[in-house]
């Protein structure tokens, strides 16, 4: 069966001779690093998943709409390759939270891209909880601007609570929705300021990408390519000579006294060994930690780059909080699959007891008519009447909430379960913590106030008891200055191995309450510069 | 409200050639217990069958159903593996129609077609391209038709949305209030 991805044996997946850099992972971080180094260095990118055919996206969209398919089916996830355990206090649905393949999880992401706030970099100092980052907002500022240009961000400088900006977004923001105008009346009454959402989604043609045409299935698939995904940078890197090998699952890294020397990877045509002067690990907050743990050796018995014992520790995500209801008037939902308004007003009130959070005003509250039509046991006029009754007057306010890093929340290896190559699967041991739950309660209070002021009948709440993750994996190879308490240094190079960098949200010491990909991208560009400087300076 | 060929083109623009399901051509067991391959229907028979089912599962206020369904299904039959699954499901439905009601689906009166769908279990079955007869009929016949309709502009308009999910209807309608 052709599923729109590369077949198993139709490509040469042999290693590249004389590689300067081996990047592990072809998601946004790996793609940006590869693109940054392309043309100047010999770069090879290895990814565990397939190369998807862009012409096949409408089929994947159909899978997203039809109830016969589960979310991981859209991008061929799951199965032995993606086996995992979830032993923590809270279940973690890992395969709903990631895509393996060229483009990585940006293939299914929502595409919201805002900068961390300044205080997110100094949580311990200003909020009294969690570690400070070893770098500041100002250190990352130029890279944030560069990342916005690379991803193609549509936004406006209208967030009075956001961090300072030196330049406008590359594209104008999407206009507010009709339902935003309903929320605005209630928020005005309550003194809550709304502002635009920065989207990695083309509001006009951008560097060869189509402007958004409103398919409405952004998450998990954008058929038009208006939403940024990392295939943009993979394709550009390949045009400049970078070699990208798909279905190349890194089994372990082998090392010398102070350097990584080889990535051993399995492909459909057997196992290969890729040598390089520099390695950049960019396989997300779960698999980056896992490959280091799988690479334990006599010198590093607890895992490569793990002298600190922190590899895999401090796994955290963002939490969702939400309240929804219905009005007695049309609210015009589900025309598009992205958000146009949010509020960061309460973000920087964070302290030791209540964390930062942002409010999100939904444009897709309630059911989509086509998804309603495909379920149920009626048809004809009865079905039409049911869809008409169920669609059209829903409203909802969501929130993204910070979770602090905790020692009892981690990614480890499950020795009881192995993947298709006999390697222990990742065990996502996720523990949330009381501060995040208190923050959800605070967000719920505001959400209820807004909906009640709007005159809505509240029909559902996602609160502390039934919250879930936002699918942002962070924290498992923490950045810090002290090699005893962190895995990478402030330049994202591992303390233990001088030629190994990590480009991933796994280096985040804390996560704030903003979607992480813009920060991942900024750090990746910064890492690319660091690797380039090291190579150009003849260090390796 | 009238469905048009443009609606069919729009629905196809949204959902193209199927979800990439595995081909679901199951063996049939004959009356004397022998196994035989199903006879897969040609394009015209598939189109006629789906038009006949659409007349049951689509709202009565719609016109132009034959034009819409024929154009939509014609295109879906050009893409494998979806087309083979669709043909097999139609073969199954016609086979059951013949055994239970003495004729193919397209030749049955509308009320008998509706009864047949219920007897098959397509009203309550989960849709599954690799499932039981009922689940495959739900996936390839009933939900195929409903997917086409409710991702089209006219189908969206029926329920109050000009740009239904799956239809690339632009980024203006979400900004507009109710008309």
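Here are some notes:
- Per-residue mean of foreign Cβ neighbours for B:152-162 is 5 (Cβ atoms of other chains, 10 Å radius).
- Packing rank of A:370-376, A:519-525, A:333-339, where each peptide gets the mean count of other beta carbons within 10 Å, highest leading: A:519-525, A:333-339, A:370-376
- The stretch A:20-89: C-alpha gyration tensor shape, a/c 1.5 cut-off, then a/b vs b/c: oblate
- Modelled this way, with points 7 Å down the Cα-to-C-beta line, the labels at residue A:434 and residue B:79 are 5.4 nm from one another.
- Cα pair distances of chain B binned at 5 Å [whole percent]: 1, 9, 17, 21, 20, 15, 8, 4, 3, 1, 1, 0, 0
- Förster-model FRET efficiency, 35 Å R0, residue B:179 and residue A:189, C-beta, rounded to 0.05: 0.85
- The separation of the stretch A:494-540 from the stretch B:34-104, counted between C-alpha centres, amounts to 55 Å.
- Gain in span if fully extended, residue A:457 to residue A:529, counting 0.36 nm per residue against the direct Cα distance: 20.7 nm
- Packing-based ranking of A:262-272, A:25-35, A:499-509, A:152-162 yields A:25-35, A:499-509, A:152-162, A:262-272, ordered from highest to lowest mean Cβ neighbour count within 10 Å.
- Across peptide A:333-345, the average count of Cβ atoms from other chains found within 10 Å of a residue's Cβ is 3.
- Distance from the C-alpha centroid of the stretch A:177-214 to that of the stretch A:218-239: 21 Å, rounded to the whole angstrom.
- For peptide A:378-389, the mean count of partner chain Cβ atoms within 10 Å of a residue's Cβ comes to 5.
- Label-to-label distance, nm, for residues given as residue A:181 and residue A:12 (7 Å Cα→Cβ offset): 5.9
- Rounded Å value of the spacing that divides the Cα centres of the stretch A:288-359 and the stretch A:462-477: 5
- On the beta carbon distance between residue B:119 and residue B:60, with R0 = 25 Å, the FRET formula returns roughly 0.70.
- Cβ-Cβ distance of residue A:539 and residue A:122, R₀ of 25 Å, FRET efficiency by 1/(1 + (r/R0)^6): the value works out to about 0.20.
- Antiparallel bridge percentage (DSSP; both residues within the protein assembly as shown; nearest 5): 75
- Inverse of mean 1/r across different Cα pairs in chain A, Kirkwood, Å: 23.6
- Considering helices alone, the calculated mean residue ellipticity of the protein assembly as shown at 222 nm is -9500 deg cm²/dmol, with DSSP H runs of length four and up weighted by -39500 (n - 2.57) and normalised per residue.
- Per-peptide average of other Cβ atoms within 10 Å, ordering B:131-139, A:489-497, B:161-169 highest first: B:161-169, B:131-139, A:489-497
- Spin-label model, residue A:136 to residue A:378: label points 7 Å out along the Cα-to-beta-carbon direction sit 6.2 nm apart.
Values quoted throughout were computed directly from the atomic coordinates according to the rules given, and no laboratory measurement underlies them. Note that this is a predicted model, so its numbers are computed, not measured. Reconstructed Cβ throughout: ideal geometry from the backbone, glycine too, with neighbour counts over all protein chains shown.
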